[in-house]
Amino acid sequence: MTVRFIAGLSSFSLAGIALAGVGLPAQAAAPPGEHCVQNLKSGSTECFSTFTAAISDATHGKVQNAPAAVPDAKGRATLNKSIEAAGEVIQGTFFDNRDYGGDSWTVVGAGLCDGSDGVINYQTNTIDGWADRISSVQPWASCKIWLYPEPDLNGDRDGPFTQNTAWVGSMMDDRTKSVGFS
């Protein structure tokens, strides 16, 4: 099952509006057991019932048998090589629970990060339903991940996270509202 969000529309408050006799929720949140993919280049977000399906989407169907478990650095490099030809790479995956458990949110961007100087190359606010949920992270595409407690990279940042991190620590656990990739 695929849930499609349209960038920009999901943040509008739709409470009280009825469409065909059905009330719409105030915010489209990822249901439990969802694995979402946000594409920074296209502005779209889609959610899937499995991590494998999410990675298949993130790689434009080139990788359809991604492991249900979190891939190691070699596995991430292999998956990224599969989609670089499309001018996109997976830049990071975020998990709801420690040890890469629970729901996941994967960010696909326009290219590799240049992490040599600590300058943010790509950034995004958390997608609907993901504010204050991140507990573990997985950087991809040579990216270093920075976590921020406020939207638009505001507040004290934590990081850089340069490898699979089973717990982001007490400073940002369940406090992230935006992320930067350098």
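The values are calculated or read from the model by the stated rules, or taken from the named source; none is laboratory data. All values reported here derive from a predicted model rather than from experimental measurement. Side chains included, ligands, DNA and RNA excluded: accessible areas come from the protein's heavy atoms. Shrake-Rupley method; radii C 1.70, N 1.55, O 1.52, S 1.80 Å.
Below are the figures for this structure:
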{"read-out": "Per-residue ³J(HN,Hα) for the stretch 45-62, Karplus 6.51 cos²θ - 1.76 cosθ + 1.60, θ = phi - 60°, Hz, x for Gly and Pro", "value": "9, 10, 10, 10, 7, 9, 5, 4, 5, 5, 5, 4, 5, 4, 9, 6, x, 6"}
{"read-out": "Hits among aspartates and glutamates - C-alpha to C-alpha of LYS144 under 13 Å, sequence gap 8 or more where chains match", "value": "ASP114, ASP117, ASP158"}
{"read-out": "Per-residue HN-Hα couplings for the stretch 145-152 [Karplus 6.51, -1.76, 1.60; θ = phi - 60°; Hz; x = Gly/Pro]", "value": "9, 10, 10, 10, x, 10, x, 6"}
{"read-out": "With all protein chains modelled, accessible area of ARG133 [1.4 Å, Å²]", "value": "40 Å²"}
{"read-out": "Under 5 Å, built H, 5+ apart or other chain: amide partners of THR124", "value": "VAL179"}
{"read-out": "Area accessible to solvent at THR50, 1.4 Å probe radius, in Å²", "value": "60 Å²"}
{"read-out": "Long-range amide H partners of THR59 with built H, under 5 Å", "value": "none"}
{"read-out": "Amide H contacts of ASP103 (H built 1.01 Å from N, under 5 Å, at least 5 apart or other chain)", "value": "GLY33, ASP96, ASN97"}
